[in-house]
Each structure stands twice: as C-alpha cells, then as structure tokens.
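Shown next, in structure tokens, is the structure this report addresses.
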C-alpha cells in the first residue's frame, strides 16, 4: 500500500508548491524589511510553511472518501465557527474575520473554502444521476448560502465571491443545462447592482474609486493601486534586484507583503522573474486539472476541479487588482502572500489533491 502511495504521489505538484511557498517567505522578508512591528511575521510564515508541508503529506495519506462521511459534520462546524466569529471576532480593516487564540489569529472563512469544496463535491457526486432541474440547483445554492451568508456578515465580500464561484464551477461541471446559463447571468447582474447600496462604506469606496479614480489622491485605495502600477513598472525586464526596490524598501507601496506582493515581486525580479513565478502557478493549476481527469470517481474529480477553481480564481483576481483591472478585493496571491489561514487552506487542498491522485485506478500514469 505504501509503495503504491508513493508511486502515484505527484512529486511535481508537491515540489512546485514547496518552491512557491519558500519564495513567498523570501518575498515577505524583503517586503517588510526594516519594519520592526512586522518583523516577526517572517518567522511565522516559516512555521506555517513547515506545518503546511507536513499537512500535505498527512492529508494525502488519508483516503479522500473518508471525508465524504464527514461533510455534514464539517458543514455544521464551519457554520458554528463563522457564527462565533460574527459575535466575538476581532475586527481588522473594517471587518471581523479573525479569532484571536492568544498565539495566532485564525480566519475560519479561509478554511470554509475547503469545507465547501468537499460539501459540494459530495452533493454533486451523490446527485449525479438525478434530474438537473431547478430543484437540484436550488438545493446546492442553499447549501452554499448557508455558509456564505455568515461570511458576508463579517463583512467579507471577496471570500464570499470565491465560494460562489466554486459553487458555480462545480455546478457547471456537474451538468448544469445550458438553458439556465442566461438566467444565471441575468440574476448575477441584477444581484450585483442591487447589492451595492448594502455594501459597507469601505467596499463601496473601493468600487467607486476604481470606476472614478481621483488623480490627486494621496491615500486610500486609489493611491496604493497607483503605487502598485509604479512599482510593477519600475522592475523593467530583470528587476531592480532582491531587496533593492525603492518603491518597496521606502514603503511607498502599502500592504506589500499581502495583497500587493505581486507588485513587490515584479519590482525586484522584473518581467522575467514574474513570468517564472506565474508559470509555476499555472503548472500547479494544470497538475490539479490532471488529477481531476485521472480521478477514480466523481467525488475525487469534483474535489480536484473545485480546488483548481480556487487557485485559478484567486491568482487571476490578485494579479488583476495589482494591475488595476478590477477593484481592490483583498484576496491573497496563492502560496506567496503572507497569511497562516490562507496557506493552511491551500495546503489542505493540495493534500486532498494528492489523496485523489494516489488512489486513482490507473496502473501507469503517462506524464
């Protein structure tokens, strides 16, 4: 059994994740250099990465079918955890998303992404032979909104959107009839417009400053996105060198170790270095898609598709924010941005991917 496990273990995927995570530590160290308040975060990220590597292997060793029997329990636990956060969570940047344990801050909404992938994968695999009608769609939507509503109340719009995107992607892969697609598009547009007045002030400001930027703004979202573009442009072809970016080291660029770490990376390593890192992220996405194709059953395949959607969507959104193509959202760059909860959710997903691929029924895998 152990021999079969390691024979099918995706070392290419594992190695790429480790390389990106180590690169993330390197970038975080440069991004917060000289900041005494944030200095400890480098050591914390090192611990997160070490724990994450161990978690990948541990989760991979557990048969992913085991989680199907626990999806209801995990779902209830996630909702209860989110309710607790809503009541006693620590507020940061305008929202209560964190639970302070005294040692670390836990962001349950990050772990809720993985739980929802498992819950939805279980639902769609169990109903694979059922009629794909509005009842089938509505039940999956209710399952999703049971978690999303509590994340929206934090408020955490970006994570809510991520989970809804995962839901729709799995819905589509599971056989959503094309005739309902136009309805979804119409409802999505109506919901987006109708929801704007109910957004928090800072959320409305992010949208408005994106649509109507103030060229003279010296602070706030417009200022930092402008600085992000300047930072990216300063990198040129090969970058200014590690730890030598004036935009980063002189702190013109804010939140440069989290939401805008892509800009810091572009400034120090340039276009060439950025392309290499993006190539690694794309490689990880394709390895996850490969797992979905080789999975031995629908449940495993949907897990892989769901996690692929998560990585792809967060990567595209984070980079788009840095390039000022969409409003600021607060989604991290996978495996690179600072954040323990974010990294833990990602490595759990990678562990699940490994669990799926090591239990596929093919005798030989063609690379």
Review point. Residues of the stretch 149-167 being under 15 Å from residue 119 (Cα atoms) and surrounded by fewer than 19 Cβ atoms within 10 Å (Cβ to Cβ), which ones?
Key: 164, 165
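Kindly provide the set of residues from the stretch 258-279 that are within 16 Å of the chain's Cα centre (by Cα) and more than 18 Å from residue 230 (Cβ to Cβ), ordered by number. Break it down into steps so the answer makes sense when it comes.
Initially, the stretch 258-279 is screened for residues within 16 Å of the chain's Cα centre (by Cα), giving 258-262, 278.
Of everything in the stretch 258-279, those that are within 16 Å of the chain's Cα centre (by Cα) and more than 18 Å from residue 230 (Cβ to Cβ) turn out to be 258, 278.
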Review point. Residues of the stretch 153-186 being free of Cβ contacts under 8 Å to residues at least 40 places away in the same chain and farther than 26 Å from residue 86 by Cβ, which ones?
Key: 172, 178, 179, 181, 182, 183, 184, 185, 186
Check your understanding: Considering the stretch 13-50 alone, what residues qualify as being surrounded by 14 or more Cβ atoms within 10 Å (Cβ to Cβ), touching a residue at least 60 places away in the same chain (Cβ under 8 Å) and more than 14 Å from residue 335 (Cβ to Cβ)?
Key -> 30, 31, 32, 33, 38, 41, 44
Review point. Filtering the stretch 186-221 down to residues that are more than 23 Å from the chain's Cα centre (by Cα), assigned to a loop (DSSP other than H, G, I, E, B) and surrounded by 13 or more Cβ atoms within 10 Å (Cβ to Cβ), which residue is modelled with the highest pLDDT?
Key: 213
Review point. Quick check: is even one residue across the stretch 22-35 modelled with pLDDT of 95 or more, part of a helix (DSSP H, G or I), over 30 Å from residue 244 (Cα atoms) and within 20 Å of the chain's Cα centre (by Cα)?
Key: no
Review point. Which one of the conditions (1) more than 24 Å from the chain's Cα centre (by Cα); (2) assigned to a helix (DSSP H, G or I); (3) within 22 Å of residue 318 (Cβ to Cβ); (4) at pLDDT 80 or above does residue 183 fail to meet, given that it meets all the rest?
Key: (3)
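Among the listed residues 239, 243, identify the single one that is farther than 30 Å from residue 138 by Cα and buried (at least 20 other Cβ atoms within 10 Å of the Cβ). Spell out the reasoning first.
Details: 243 fails: buried (at least 20 other Cβ atoms within 10 Å of the Cβ).
The unique qualifying residue is 239.
The values are calculated or read from the model by the stated rules, or taken from the named source; none is laboratory data. Here the structure is a predicted model, which is why all the values come from computation and not from measurement. Positions of Cβ are backbone-derived with ideal geometry, glycine not excepted, and every protein chain shown enters the neighbour counts.
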